[in-house]
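See structure below.
Just so it is clear, none of the values below were taken in a lab; they were calculated from the coordinates. All of these numbers come straight from a predicted model, not from anything done at the bench. Neighbour counts are summed over all protein chains in view; Cβ atoms, including those assigned to glycine, are modelled from backbone coordinates with ideal geometry.
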Amino acid sequence: MSEALSALNRWLIALPEADAVFLVRLTLGFVLCLGAVIGSFLNVCVYRIPLGLSVSRPRSHCFSCGKAIPWFLNIPILSWLALRGRCANCRAPISVRYPLVEAATAILFLLVFQMWGNPTLFGLNRLPTPLLILPLWAFVASVVVDVLIDLDHRILLDRISLGGTALALLLAALVPVWFGEAAWWRALLASLGGAAAGFGVGFAIAWAGERIFLQDAFGFGDVKWLMLFGALFGWRGALCILMIAAFVGLGMGLAALLGAKLRRRGEEAGPLAIPFGPALGAAALLWLFWSDALVRLAFEAHAWALQHRPAFLGALLPVLLVSLAWLLHRVRAIRAAAQEEGLEPLPEESPDDDRHHSA
Ligand SMILES: [Zn+2]
């Protein structure tokens, strides 16, 4: 594999510069297109998997008039732009989420390719291990699917969490350099330890959250997803992703609260019922691409707080605690109100995938 790559490199270096640049651009363009096409397929998965429908047939059709969409109107991003977000047949609006998911997947695919592709070609850091590109493409795609399905239905798919954990263990054994190891069994042990740590810490949080705060914002679905992150990134990765997710989740919760306040409508329970999955998924992607920078940032922030602002941590802690208590208080009050009215705030889910909110 590596010999074939260095042969490829020698061939590329021998090329005239203009040709090499053209080839690199062609490759990056191809990766973007591939990501957009996969993103289009992920949109289909997000809609159909929770409903128990086949992802391959029937063909995509308009939700409003039911007309099948011909291939030339089903081109990722471009078709939506050309039709200005409306069905070509009945002019019903098509959600902007579809082209956004396609664009996001394209960018994620490009990031993976740039970081783990050939550094001689692209002049970038990270392990030059093209063996990682396919598994990491699959990983970012699965994160996109899980985040969107969690937003729509409050489910995290078991086939992603459990299947992904198995694949991550396999990846560790096959590409031990991913864990910075030479021996396959050491990498496998690191992956196993990460899975155990992710599951254990997640389980403790889910258990404590249910007992202490009487709410299940962090459910068993999240626990299994954290197990996958542990298997893929090791125990440090799982813990850091959890911490980043707490920040992201707090930000999302405050933003939703603010939105509900601004709107001042009766359905306050709606925007607050944010699952933790999107925060967890965002944290996992941040960790995948920028773990080095995040660790450096945390160290620098810590050093800065210690050196220049001795009172900084002392002031930050009460603020954090008060906002957390306020958030919990609001969530509980809204839940109690919803229960009084006999509203079931959570929709029913399909039985084969683990829901967030089961015990
Ligand atoms: Zn239509």
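General remarks:
- Cα shape, the stretch 1-128, gyration tensor, a/c 1.5 rule: prolate
- Remark: Leu328, Leu321, Leu42 ranked as Leu321, Leu328, Leu42, counting other beta-carbon atoms within 10 Å and listing the fewest first.
- With a cut-off of 15 Å between beta carbons, the residues surrounding Cys90 carry a summed charge of +4, where Lys and Arg count +1 and Asp and Glu -1.
- Working ranking of peptides 219-228, 88-97, 276-285 by packing, defined as the average number of other Cβ atoms within 10 Å per residue, highest first, is 219-228, 276-285, 88-97.
- Applying 1/(1 + (r/R0)^6) with r as the Cβ-Cβ distance of Ala208 and Ser56 and R0 = 51 angstrom yields a FRET efficiency of 0.75.
- FRET efficiency for the Leu254 to Gln307 pair, using the beta carbon distance and R₀ = 25 Å, is estimated at 0.30.
- Note, ³J(HN,Hα) from phi for the stretch 76-84, Karplus 6.51, -1.76, 1.60, rounded to Hz, x at Gly and Pro: x, 6, 4, 4, 4, 5, 5, 8, 6
- Contact order, relative form, for the stretch 148-226: 29 percent (alpha carbon pairs under 8 Å, 6 or more residues apart, mean separation divided by residue count).
- In the stretch 1-128, Cα pairs under 8 Å separated by at least six residues give a relative contact order of 30 percent.
- The amide H of His61, built 1.01 Å from its N in the peptide plane, has Ile69 as neighbours under 5 Å, considering only residues 5 or more places off or on other chains.
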